[in-house]
Structures are given as structure tokens and as C-alpha cells.
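For reference, the structure is listed below as C-alpha cells.
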Amino acid sequence: MTATRGLEGVVASETSISSIIDDTLTYVGYSIDDLAENASFEEVIYLLWNLKLPTQAELDELKQQLAENMELPKEILESFKTYPIEKVHPMAALRTAVSALALYDEEADAMDKEANMRKAVRLQAKIPAIVAAFARVRKGLEPVAPRKDLGFAANFLYMLKGKEPDDIEVEAFNKALVLHADHELNASTFTARVCVATLSDVYSGVTAAIGALKGPLHGGANEQVMKMLTEIGSIDRVEDYLQEKFMNKEKIMGFGHRVYRKGDPRAKHLKKMSEKLTELTGQREYYDMSVKIEQIVTTEKGIPANVDFYSASVYHCLGIDHDLFTPIFAVSRVSGWLAHILEQYSNNRIIRPRAEYVGPGMQKYIPIENR
Ligand code: CMC
């Protein structure tokens, strides 16, 4: 038995939800380019969960269900006040609050398909509400209740900022949600599938996935990209900053990918959006810096930008706190996690691979007084 480091190239599951073939990403056979230009995030949620695009009536019903389920149990809102709020990272708060949500859901452990679909709607609706409410409570602000007349993207921005977003903000945020929704067997989705393949519940699967997304090699990279842009500060410092990183053999956040070799197909949409938004908000230097970083990293290292690179400046221009970037990734990716959890249940076998043992050979137990 020989181990494959990081399971590179290992095909660990079948799926009908999304695919990456020759650097092209599709959801249920629809190209990500097509969806990013044309689809609402709610249509994508429906697509991932039902493997078909919704009719108008089906879409209206899902939108209504999401809007109706955004309200949080009061216990969850109260619990934020018990967190050491000044030091808690919002990703840790989200992980804890999602786990706690299960305590207030009478169907938490129900395993039938209909109950799991109802829980999927609740989680998809409540995760943005948790992120927005926590972001406000930690600033001493009251949470803002969701509005039933707003779509998903607009409702999140509204709950976060307490004012209705304008069209360009909604367009940008909707696009980011569509682009982040699913991504085959990425680390957090695999985590969710491993968890529920023991026939554990949906909340456990999503909580585990949030933990995996949090790491800087996965979803946590977008916050690190913004940290890098802030540290660099101006375009004339880009070259020196990168050369020092290269010299120290440090990774440049927002670059590289396990599967894509020529480039991440999601990045170009966010790059376009970043140019538009930085221009509109008078913060063009973030876009110019990003382009220069991309030029140097791709020319000198041959490593292309991934989805996290330009999403950082997009979220910054939307006025979102930098430590909320990864929770926002979860607001979108939970749609994919849930689709994969439902798919796993529908054709389940426990996921239990083997390990190549590289430790010492057989040893005899030594009594503690003789060690
Ligand atoms: N900066 C500098 N060098 C890099 C980078 C980078 N961002 N990414 C890969 N490399 C180098 C790496 O040092 C290694 O070089 P060598 O062969 O000389 O040791 C080579 O490229 C292969 O890299 P790897 O780390 O073995 O590749 P991997 O498939 O195990 O990891 C990755 C993929 C995405 C974790 C990695 O590229 C990385 O750490 N990127 C930075 C973090 C990041 O942006 N993560 C977001 C990923 S995309 C969306 C998401 O999941 O959130």
C-alpha cells in the first residue's frame, strides 16, 4: 500500500453535481461562465439540489422558503453575547452557531429525504443571517431582520449593512455567490461527505465543512489576499514585496490550485468585477496592485490566480469587513455542501480509506517505571 499525498488525482466519489474537465467548471453540465453571466444564486441553489434548472414557479417557491427561513432562533442571537466577541474570528463564530442551530431544530436528526431537504433550506437561509447578525452584534449594533421582498444576495447585504444595496452591489455579490457555490470534491465538500457517510446528520456535515473551509489553503485564502494587498499598500511596493516572499519560499495567497493547471475559470469574472467596482468606488489602486501581482506571480512562478484572488478586492469594495470574506464563501458554498450531503445519503457507503503505516515495527509494552 502506497499513500498518495493529499489524495492528489484520487477519484474518491461519483457525483452528478459539478465537474472540472480540462480546466472547465460546470454545475450539472452548465458552464460556470454561462451561469455567472445569467443566473441568480437562487437558481443555482435549485440546480445543485435538484439537478435541473427551476421553472418560474419552482424558483418563486424556493425564494419564498429561503426568505421565510432567514430568521434566527433568539437563543442563537443571545449566544453571541456570551462569546469573547472582540477576539472571536467570525468563521469560528459561524462554526459554533451552525452547530448550535441543530439544538433548536426538532428535525435535526431526522433522516428522511423530505426532512433533509427542509433542513437544507433552513441552513441555506440561516447561514447568511448568522454571518450578518454576528458582524453587527460585535460592533454593538442590533441585528437587522431579513426582508421577504429581497432576493438572496440583496437580503444578505441588507442584513449586514442595514440599508438596501444598489443594483451594482447586488449584481457583484450575486455573481460571487454563483461562482463559489460548488466545486466538485474540494476539501470542505469532501469533509462534509465523509461526515455524513457515517449517517451522521446534516448539521454535523455542514459544521465539519465550515471547519475545513476556514483554513488559509482553502476558503481562508481570500482574507489573506486582502491582508497582502493592505500590507503592500501601493503599486510601487509590489515587486519588492513579492521578491521577498519568493526568496523566503512563502506561498502567495490567491494563487495555485490542485486541479486547475492553466487557470481557475472563476477568476476572470471576479477580475472584471474587481475592475468595475474599484473604479466605481474610487479605489482603483487595489485593482492595479492585483493585476501587477498577478503578472509577476504568473510570469516568474507560472502559477495562475484562483477564485480567492480577485474576490478579495470585490468584497472590499462592497464595504465588507475583511474577516467576513471567508464566512461569505460559506454563505455560498453551503449550497454545494448540502447538494453533496443529499447526494451522499442517496447512495451511501461509509468513507473509510486506508493509511500506509510508516511507524516503528512491532514493539513490546514497557511498564512505566522502566521507560
Ligand atoms: N505561491 C507560491 N508557490 C506556490 C503556490 C502559491 N500560491 N501554490 C503552489 N505553489 C508551488 C508550491 O510551493 C510547490 O512548489 P515546489 O514543487 O517547488 O515545492 C508547487 O507550486 C506545487 O504546490 P503544492 O502546494 O504542492 O500544490 P497543492 O496542490 O498541494 O496545493 C493549493 C494547492 C491551492 C493549496 C496551493 O496552490 C496553495 O497553497 N495556494 C495558496 C492558498 C490559496 O490561494 N488557496 C485557495 C485555493 S482555491 C479556492 C479555495 O479552495 O478556497
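The values are calculated or read from the model by the stated rules, or taken from the named source; none is laboratory data. Just so you know, these numbers come straight off a predicted model, no measurement behind them. Here the Cβ is made from the backbone with ideal geometry for all residues, glycine too, and neighbour counts use every protein chain on show.
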Of all residues in the range 338-371 being among the hydrophobic types (A, V, I, L, M, F, W, C) and exposed (fewer than 10 other Cβ atoms within 10 Å of the Cβ), the one that is nearest to residue 48 (Cα to Cα): 350
From (1) within 30 Å of residue 265 (Cα to Cα); (2) over 18 Å from the mean Cα position of the chain (by Cα); (3) crowded, with 19+ Cβ neighbours inside 10 Å, pick out the condition that doesn't hold for residue 76. (1)
Report, by residue number, each residue of the range 41-64 that is of a type in the set (A, V, I, L, M), closer than 13 Å to residue 18 by Cα and surrounded by 16 or more Cβ atoms within 10 Å (Cβ to Cβ). 44, 45, 47, 48
Those residues of the range 193-220 which are outside any helix (DSSP H, G or I) and more than 20 Å from residue 109 (Cα to Cα) amount to 214, 215, 216, 217, 218, 219, 220
Looking only at the range 276-293, decide whether some residue is in contact with a Ser or Thr (Cβ under 6 Å, 6 or more places away or on another chain), more than 10 Å from the ligand (Cβ to nearest atom), touching a residue at least 24 places away in the same chain (Cβ under 8 Å) and of a type in the set (Phe, Trp, Tyr). yes
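Give the residues of the range 21-64 that are in a loop (DSSP other than H, G, I, E, B) and closer than 18 Å to residue 185 by Cβ, sorted by residue number. Full working, then the answer.
Of all residues in the range 21-64, those in a loop (DSSP other than H, G, I, E, B) come to 22-23, 28-29, 39-40, 51-55.
Within the range 21-64, 22, 23, 28, 29, 51 meet the criteria.
From the list 149, 112, which residue is under 30 Å from residue 346 (Cβ atoms) and assigned by TED's automatic domain parsing to the domain that holds residue 83?
Exactly one of 149, 112 is under 30 Å from residue 346 (Cβ atoms) and assigned by TED's automatic domain parsing to the domain that holds residue 83, namely 112.
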Result of the Cβ filter at 6 Å on the range 177-206, keeping first residues that are basic (Lys, Arg) and partners that are surrounded by 23 or more Cβ atoms within 10 Å (Cβ to Cβ), at least 6 apart or interchain, is 193/340
Looking only at the range 217-249, count every residue that is surrounded by 12 or more Cβ atoms within 10 Å (Cβ to Cβ) and within 11 Å of the ligand (Cβ to nearest atom) and tell me the total. 13
Note on residue 269: of the conditions (1) farther than 28 Å from residue 177 by Cβ; (2) away from the ligand (no atom under 13 Å from the Cβ), unmet is (1)
